[in-house]
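Reviewing the structure listed below.
Here, each number is a calculation from the coordinates, and none is a lab measurement. Note that the coordinates shown come from a computational prediction; the quantities given were computed from them, not determined experimentally. Please note: Cβ atoms are built from the backbone with ideal geometry, for glycine as well, and neighbour counts cover all protein chains shown.
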Amino acid sequence: MTSIDMHDEADNADVSRLISRRRLLSLGGAGAAAAGLAVVGGRAAFAQTAGAPVSAAEAAGACALSSESIEGPYYLDYMLMRSNVVEDRTGIPLRLRLRVIDASTCRPLCNAGVEIWHCDALGVYSGYTATGSGGGGMPPPSGDPSTPPSGPPPGGGNPGGHATPTDDLTYLRGIQITDRAGFVTFASVVPGWYVGRTVHIHTKVHTDGTVTPDGYTGGHTCHTGQFYFDERLITKVAEADPYRENTTQRTELDEDMLYDGSGSTGGLLSLRYDPRHVTRGVTATITMSVDPAATHDGQDGGFPGGGPSAPPSPTPSA
């Protein structure tokens, strides 16, 4: 399997130390101090618009608000400041190029925190490896996607839909700060799948926060969404190692009731890869159009910008 040729910004020992520190702070009443890498101590990262507007071609559709979604039960606010989130996971290399713009101006949103998290090739999230089973992925998620899930989440856990973490692993999670053009780039692997959900990546956009030695803190979440992959790619991915070891029946994109069918507005990624040699890697890009003053933390039950408002039946929430 091709590996991503990008030096690892995250030292696992440091990550574990910082997460332990975060949990101790939380127990001591210090709140949600996020764990992460020492990158830019104390630098403020207030989101603001800057630079030139997007091109006319992009503006035709990019300025419509991106669909909101729910964060699902496997979110962890570690806020690891890094571009390479792979750690020890194997899979097809993924270069994820994301842009954030202000929907009201169509201009880039700089200094926003863009966070991603997703499962590995076998459908297992870091922090929940005891919940998922090798080759079988996570347990079936449940609930109505138009509202935050209530009651115990899949595999047990806290009310409100958040599963209880089973370990301190951090693979395939990270956050970066947008540049003056509104861009961030992550090195990852193409996600796998688990029961009831199509292949997807979770994301949050944070504004008015601060970059600290522990990652990113403060501010608020102005967008919670999910990214999706075209089925033509995933069909090829499923035939490659280690994805072929994932024995879970796959939910295709048009069967996923969290994807609203609105294309890039709903999170559908633009993909570039060689169909004959998909294992060499995939580049995925998308522009997220957000309202930086809004609050959409994935628990508000709202789906502005074209998101589903009344799904026809109970569906996955992860």
Based on the Cβ-Cβ distance from His277 to Ala130, what FRET efficiency comes out when R0 is 30 Å, to the nearest 0.05?
0.25
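For a Förster distance of 30 Å, can you work out the FRET efficiency between the beta-carbons of Arg244 and Thr164, rounded to the nearest 0.05?
Details: r = 31 Å, r/R0 = 1.02.
According to the calculation, E is roughly 0.45.
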Ordering of 108-121, 72-85 by burial proxy (mean other Cβ atoms within 10 Å per residue, highest first)
108-121, 72-85
Check which residues have an amide H placed less than 5 Å from Val189's amide H, if you skip close sequence neighbours.
Leu94
Once phi is turned into θ = phi - 60°, what whole-Hz ³J(HN,Hα) does the Karplus curve with 6.51, -1.76 and 1.60 give for every residue of the stretch 184-190, x standing for Gly and Pro?
9, 9, 10, 9, 9, 10, 4
Set the Förster radius R0 to 30 Å, insert the Cβ-Cβ distance between His220 and Ser270 as r into 1/(1 + (r/R0)^6), and round the FRET efficiency to 0.05.
0.60
In what sequence, highest mean first, do 191-198, 245-252, 162-169 appear when ranked by Cβ atoms within 10 angstrom?
191-198, 162-169, 245-252
